[in-house]
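Notes follow once the structure below has been shown.
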Amino acid sequence: MSEEGGMTKKRSEDFSNWYLEVVRKGGFMDQRTPIKGFDVITPWGYSIWEIIQKEFDAMIKQKGVQNAYFPLFIPESLIKKEEEHFAGFRAEVARVTDVGGEKLADPLIVRPTSEMIMYYMYKLWIRSYKDLPLKINQWNNIVRIDTKVTKPFIRGREFLWQEGHTAHATKADAEEFLHKIIGLYSNMYELFAIEGLKLVRPQHDTFPGAGYTVVFDTLVQDGKVVQGPGSHFLAQKFSKALDVSFTDEKEQKQHVWQTCWGMTTRQIGILLMHHGDDKGAVLPPGVAPVQVVIIPILFKGKEEIVLEKAREIAKKLKARVYVDERNHTAGFKFNEWELKGVPLRIEIGPKDIEAGHITVVRRDTREKIQVKTVTDVEKMLEKMQHDMLEKSRTFLKENIRDAKSKQEAISAMAKGGFVRINWCGSAECDKSLKKETGGEIRGTLWGKKEHAAGSCICCGSPAKHVAYAARAY
């Protein structure tokens, strides 16, 4: 914990500054760099990203995905070959226009995403149907000079992510694989103890160059939503633009069908916004760098006995454990680990040893419980993970409201959460809704067909979709 102490802001009074305080005092990120939006992910925050990497990397490798690395710089002439794609990022790209004092004939774009440079190489690698499917992922950094207000993890100008890109012989194979990836992101969301709403983005808000996009929208505690992982069916838009083709079994030339999908360090911010409380971060055991912190309560003459017992418990626990033997008061340590969001805190002192029990404090409920064995502690971790996910599911369910008219939508939007409406499908009605409510149409449910009945709440024409609207970061 920093010398300035614990939390001073409350979520209910000042959510924005509460979040900034959680990020700073919990030691997740330091924004004091000389360049706005280019922040330092500190070791505690990066440790969460390492767990995310480890878990998701294992999942995608089981699906035959391999990791690679592609260049940071992309020639502007190449990225412009898919104009719709480039137009979607034009305002955000960083360009290198001269090197060593000499102007470049073809400026270099610092990657805002890697489709064009990767598919340039795919064209060289793919010749026959025998080369397919090609499934490649890379873990890298992305630069997008967003002009909006920056917010740590949620909206920065540089972020880390994984971006997977696959090429397939048929549309059916590509879509089947994309559905598997969406399933893997669902598994990750269980690890995050978050119930996200899987939505198909409106066509006018689809990833530039994609046929359709499926995202995980996450509701956070101020009633707004944050977009999580995105999965995109690219169809043949990029393969035709770059002529990524193969010879099929009938010796006919075909263009590949493609998918891409990504998850970023924004997920750390989502975790903090979704689970945190007025004492700081609350991390689910699934992604906590330290799942159990053991704090020895030392008394003169009993130090070695207590420390020995603390180390013994740590050795037996099947979890990520840290014994805090630093020269600080117990109160200081309690506050610091609360700020960081460690799921369980064990307090062990002479009286606990004499009584033959372990005192455990849950970070999410702040309950203090006495248990007998390390197995009991491990069961508490499992229960906490389960309870946090159930709490998230309840939170989402209670914050989806129906609106049958624009006026009802305005009232519902003011309460926060998702508003379920009838929508004609037009971008103009989405703009109208945003102007009057501050919310926007986030999409339609993925994996479940909801039938619209009646009229669009914006224009009165026959509704084509049941859509979900919300205010968003």
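Where a number appears in this text, it was derived from the coordinates with a stated rule and is not lab data. This one's a predicted model, so the numbers in the text were calculated from it and none came from an experiment. Because the Cβ atoms are built from the backbone with ideal geometry, glycine has one as well, and the counts that use them run over all protein chains shown.
Here is how the numbers come out for the structure above:
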| item | result |
| --- | --- |
| Lys, Arg +1 and Asp, Glu -1 on Cβ, resulting dipole of the stretch 400-470 about Cα centre, debye, nearest 20 | 120 debye |
| Placed amide H near N67: partners under 5 Å, 5+ positions off or other chain | N137 |
| On Cα atoms only, tilt of 171-191 relative to the major axis of the chain in degrees | 20 degrees |
| DSSP-loop chymotrypsin sites (Phe, Trp or Tyr not before Pro) across the stretch 1-74, with at most 12 other Cβ within 10 angstrom | Y69 |
| Extent along principal axes [Cα atoms of the stretch 76-204; Å; largest to smallest] | 49, 44, 28 |
| Mean-position separation - Cα centroids, the stretch 1-40 and the stretch 164-236, in angstrom | 29 Å |
| Sorted peptide list for 87-95, 194-202, criterion being average Cβ within 10 angstrom, highest first | 194-202, 87-95 |
| Extended-chain gain in nm, criterion 0.36 nm per residue less alpha-carbon gap, K383 and Q252 | 41.5 nm |
| DSSP bridge pairs, the chain: antiparallel proportion in percent, nearest 5 | 80 percent |
| The chain - mean residue ellipticity at 222 nm from DSSP helices (-39,500 (n - 2.57) per run, n ≥ 4, rounded to 500) | -11000 deg cm²/dmol |
| Those trypsin sites (Lys or Arg not before Pro) in the stretch 348-420 that DSSP places in a loop and that have at most 15 other beta carbons within 10 Å | R366, K372, K404, K415 |
| Relative contact order for the stretch 370-473, counting Cα pairs under 8 Å that sit 6 or more residues apart, in percent | 27 percent |
| Over the stretch 131-193, relative contact order from alpha-carbon pairs under 8 Å, at least 6 apart, % | 34 percent |
| Angstrom value of the Kirkwood radius, inverse mean 1/r, which spans all Cα pairs in the stretch 364-473 | 16.1 Å |
| Amide hydrogen neighbours beyond the local backbone of I294, cut-off 5 Å, H modeled | Y322, V323, D324, I346 |
| Percentage relative contact order, the chain, counting C-alpha pairs under 8 Å, at least six apart | 14 percent |
| Ranked list, fewest to most other Cβ atoms within 10 Å of each Cβ, for M388, M121 | M121, M388 |
| Translational D in µm²/s for the chain (Stokes-Einstein at 37 °C, 0.692 mPa s, Kirkwood Rh from C-alpha pairs) | 134 µm²/s |
| Average projection area in nm² (convex hull over Cα atoms of the stretch 42-86, one quarter of hull surface) | 5.3 nm² |
| Span per principal axis, largest first, for the Cα atoms of the stretch 1-148 (Å) | 61, 46, 30 |
| Helix axis angle, 43-62 relative to the chain longest principal axis, alpha carbon, degrees | 50 degrees |
| Bins of 5 Å from zero: percent of alpha-carbon pairs in the stretch 15-275 | 1, 6, 12, 16, 19, 17, 13, 9, 5, 2, 1, 0, 0 |
| Local electrostatic count at F70 - Lys and Arg +1, Asp and Glu -1, tallied over other residues with Cβ under 12 Å | -1 |
| Inter-probe distance in nm under a simple model that places probes 7 Å from Cα toward Cβ, at T365 and K148 | 3.7 nm |
| Of K81/K123; K10/K434; K404/K434; K279/K333, those spanning more than 22 Å from alpha-carbon to alpha-carbon | K10/K434 |
| Alpha-carbon centroids, the stretch 79-114 and the stretch 450-469: separation in whole Å | 40 Å |
| Counting DSSP beta bridges with both ends in the stretch 254-413, the antiparallel % (nearest 5) | 55 percent |
| Fewest-first sequence of V374, V293 by Cβ atoms within 10 Å of each Cβ | V374, V293 |
